[in-house]
Amino acid sequence: MRRVIMSSTEKKTDVILIGAGVMSATLGSLLKALAPEWEIKVFEKLAKPGEESSNEWNNAGTGHAALCELNYTSEKPDGSIDISKAIKINEQFQLSRQFWSYLVKSNLIRNPEDFIMPIPHMSLVQGEKNVAFLKKRFEALSNNPLFQGMEFSDDPEKLKEWIPLIMEGRTSGEPIAATKIDSGTDVNFGALTRMLFDHLKSQNVEINYKHRIKDIKRTSDGLWKLKVHDIEGGQTEYHTAKFVFIGAGGGSLPLLQKTGIPESKRIGGFPVSGLFMVCNKPEVAAQHHAKVYGKAKVGAPPMSVPHLDTRYIEGQKTLLFGPFAGFSPKFLKTGSNFDLIGSVKPNNVLTMLAAGVKEMALTKYLIQQVLLSNEKRMEELREFIPNAKSEDWDIVVAGQRVQVIKDTEAGRGTLQFGTEVVSAADGSIAALLGASPGASTAVHVMLEVLNRCFPQQMNAWEPKIKEMIPSYGLSLMDHPELLQEIHTATSQTLGLSEKELAYH
Ligand SMILES: Cc1cc2nc3c(=O)[nH]c(=O)nc-3n(C[C@H](O)[C@H](O)[C@H](O)COP(=O)(O)OP(=O)(O)OC[C@H]3O[C@@H](n4cnc5c(N)ncnc54)[C@H](O)[C@@H]3O)c2cc1C
């Protein structure tokens, strides 16, 4: 890509990234490594990076590697366990670990302990049927090199050692079991995003905060022209670029719709809001050291699986429980009440209506969640911590997740729970929609953007990508020696191994 000379009326550049969340941060960092001569600009409507979903208080900070999330392993009709999704997500997380490790090793970001910490990942279930499921799941996963080190126990004495806070005061005689794997992580995606933006700034990326993108149009010479509102200065600016990434989180769908590309049609979004409970007593938080995922309630969407998490936020060890889902018509925490209605267009109205009819169970679930009182939320928490006291817990509002609705082989208006890259056929613009598994797989998703949008450059870029991400293009499950090598090396660079040991 040739650098374009700036004209006085329109500011031209090679690449524009919309939004200063973890996704733009990751794509910008990859592009700076692969094409350092390209000019990149970022526009963010808020005053700082990582203030929406990527902020540490707005997400659960789980380094999703399918070590504990029960919704990534389903039971097949013959009773066996399908682990294909768990394998896929674990492999994707390995890419993130390698890229972060490359950035630290190259001194492009520092102090990995400020964004990643080791923490055991556990799944916990109660009841005979659930215990039998967990055991089968453990047997299916523990032979796989990606899930090495996973332990299972249905012995209450062992569980008391693993999770004393959860086992204390538990009177029910129901069978209970857990799996535990020590190589899990807590990732502060807010801190990571801020570090990556510091790095981009040092590489001469122009970052414009308090600048909101209002419109995106194609120019006659094939560029993209963005109408930008300078919130502080009050002016309107126009910027053009050869390539645009819409990494606006919940705000991506409305911007994608403005591009008018055929790929943007018949797609809708459904916002799900979230709440966490946060423990305000350090002495209670000190009694728990794991991320413990339970089973989703009937009718609950997969991202509402309850979990009790040790988190490292603002230099402190704390405990978060949730998320409780809810409904808000906003697409961003800082969005507008008209976001949802404004996203309904002639080309997606039937898709949206079909989803409304199909997703009655979800609607019912969300209404129930919105109506939950604090005491009802405490009751849910007490399923995890029987002795939890109301005065030890506060509520924090988490980020918005906009779930994608689209027409698929499964029918019109199908609700998607994953992340979705939508790109123009010529690769000149791409948007990221959806929220799960989210930030953990940012590197995988942004490599997909590169593959789709820069196919001509990929051959030339491959050696550098392999230098940064040695397993690129390979399945680590099929290369256990390389997996071991990468795991050891990334643990060392990210400072995970010493900390893992320190806790035992
Ligand atoms: C409750 C909850 C729990 C989660 N838990 C996890 C987890 O445990 N692990 C995990 O990996 N992921 C998790 N996620 C998902 C993860 O947070 C997201 O996938 C990720 O942060 C998305 O990053 P992003 O850069 O796409 O969006 P964001 O971080 O939301 O950034 C988008 C940015 O675009 C800006 N923007 C929007 N519109 C405009 C505009 N018009 N002009 C200029 N700027 C604009 C916004 O202000 C924002 O700063 C969770 C999400 C939620 C909500």
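In the stretch 99-156, the qualifying residues are those that are in contact with a strand residue (DSSP E or B) (Cβ under 8 Å, 6 or more places away or on another chain) and hydroxyl-bearing (Ser, Thr, Tyr), and the one that is nearest to residue 180 (Cα to Cα) is 123. A search for C-beta distances below 7 Å between a residue of the stretch 255-276 that is surrounded by fewer than 19 Cβ atoms within 10 Å (Cβ to Cβ) and any residue that is assigned to a helix (DSSP H, G or I), counting only pairs 6+ apart in sequence or on different chains, returns 266/351.
Listed here are the residues, each with its yes/no results for (1) surrounded by fewer than 20 Cβ atoms within 10 Å (Cβ to Cβ); (2) more than 25 Å from residue 394 (Cβ to Cβ).
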{"site": "300", "(1), (2)": "yes, no"}
{"site": "310", "(1), (2)": "no, no"}
{"site": "315", "(1), (2)": "yes, no"}
{"site": "319", "(1), (2)": "no, no"}
{"site": "325", "(1), (2)": "no, no"}
{"site": "332", "(1), (2)": "no, no"}
{"site": "339", "(1), (2)": "no, yes"}
{"site": "343", "(1), (2)": "no, yes"}
{"site": "358", "(1), (2)": "yes, yes"}
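Of the helices (runs of 4 or more DSSP H) lying entirely inside the stretch 324-375, those carrying at least 3 residues that are away from the ligand (no atom under 14 Å from the Cβ) are 349-358, 360-370. Candidates 176, 181, 166: the one that is under 30 Å from residue 496 (Cβ atoms), surrounded by 19 or more Cβ atoms within 10 Å (Cβ to Cβ), away from the ligand (no atom under 14 Å from the Cβ) and more than 29 Å from the chain's Cα centre (by Cα) is 176. The single condition among (1) touching a helix residue (DSSP H, G or I) at 6+ places or on another chain (Cβ under 9 Å); (2) at pLDDT 95 or above that residue 75 does not meet is (2). Scanning the stretch 394-419 for residues that are crowded, with 17+ Cβ neighbours inside 10 Å, in a strand (DSSP E or B) and within 12 Å of the ligand (Cβ to nearest atom) yields 401, 402, 403. Exactly one residue out of 120, 145, 112 is over 21 Å from residue 164 (Cα atoms) and either of a type in the set (Lys, Arg) or under 22 Å from the mean Cα position of the chain (by Cα) (or both), and it is 112. Within the stretch 11-25, the set of residues being near the ligand (Cβ under 8 Å from one of its atoms) and not in a loop (DSSP other than H, G, I, E, B) comprises 18, 22, 23, 24, 25. In the stretch 200-228, the residues that are in contact (Cβ under 8 Å) with a residue 40 or more places away in the chain and surrounded by 14 or more Cβ atoms within 10 Å (Cβ to Cβ) form Cβ pairs under 8 Å with partners that are in a helix (DSSP H, G or I) and small (Gly, Ala, Ser), at six or more places apart or across chains, as follows: 200/25; 200/28; 200/29; 205/28. I'd like the residue in the stretch 61-75 that is under 15 Å from residue 140 (Cα atoms) and assigned to a loop (DSSP other than H, G, I, E, B) and, out of all such residues, is nearest to the ligand (Cβ to nearest atom). Ranking the qualifying residues of the stretch 61-75, first place goes to 69. Checking every residue in the stretch 286-309 against the condition of being assigned to a loop (DSSP other than H, G, I, E, B), closer than 29 Å to residue 27 by Cβ and in contact (Cβ under 8 Å) with a residue 24 or more places away in the chain gives at least one match.
Among the residues making up the stretch 83-92, those that are in contact (Cβ under 8 Å) with a residue 24 or more places away in the chain and either buried (at least 24 other Cβ atoms within 10 Å of the Cβ) or more than 17 Å from residue 419 (Cβ to Cβ) (or both) are 83, 86, 87. Just a yes or no: is a residue in the stretch 428-438 more than 16 Å from the ligand (Cβ to nearest atom) and over 15 Å from the mean Cα position of the chain (by Cα)? Among the residues of the stretch 428-438, at least one is more than 16 Å from the ligand (Cβ to nearest atom) and over 15 Å from the mean Cα position of the chain (by Cα), which makes the answer yes. Restricting attention to the stretch 184-204 and to residues that are hydroxyl-bearing (Ser, Thr, Tyr) and in contact with a helix residue (DSSP H, G or I) (Cβ under 8 Å, 6 or more places away or on another chain), the residue that is farthest from the ligand (Cβ to nearest atom) turns out to be 185.
Restricted to the stretch 112-208, the set of strands (runs of 3 or more DSSP E) holding at least 3 residues that are at positive phi and basic (Lys, Arg) is empty. Write out, first by first residue and then by second, each pair whose Cβ atoms fall under 9 Å of each other, whose residues are 6+ apart or on separate chains, and whose first residue, in the stretch 413-427, is touching a residue at least 24 places away in the same chain (Cβ under 8 Å) while the second is away from the ligand (no atom under 15 Å from the Cβ) and aromatic (Phe, Trp, Tyr). What qualifies is 427/243; 427/454. The single residue among 430, 460 that is surrounded by fewer than 18 Cβ atoms within 10 Å (Cβ to Cβ) and outside any loop (DSSP other than H, G, I, E, B) turns out to be 460.
The values are calculated or read from the model by the stated rules, or taken from the named source; none is laboratory data. In this text the structure is predicted, and so the values were computed from the model without any measurement. Using ideal geometry, Cβ is built from the backbone for each residue, glycine included, and neighbour counts are taken over all protein chains shown.
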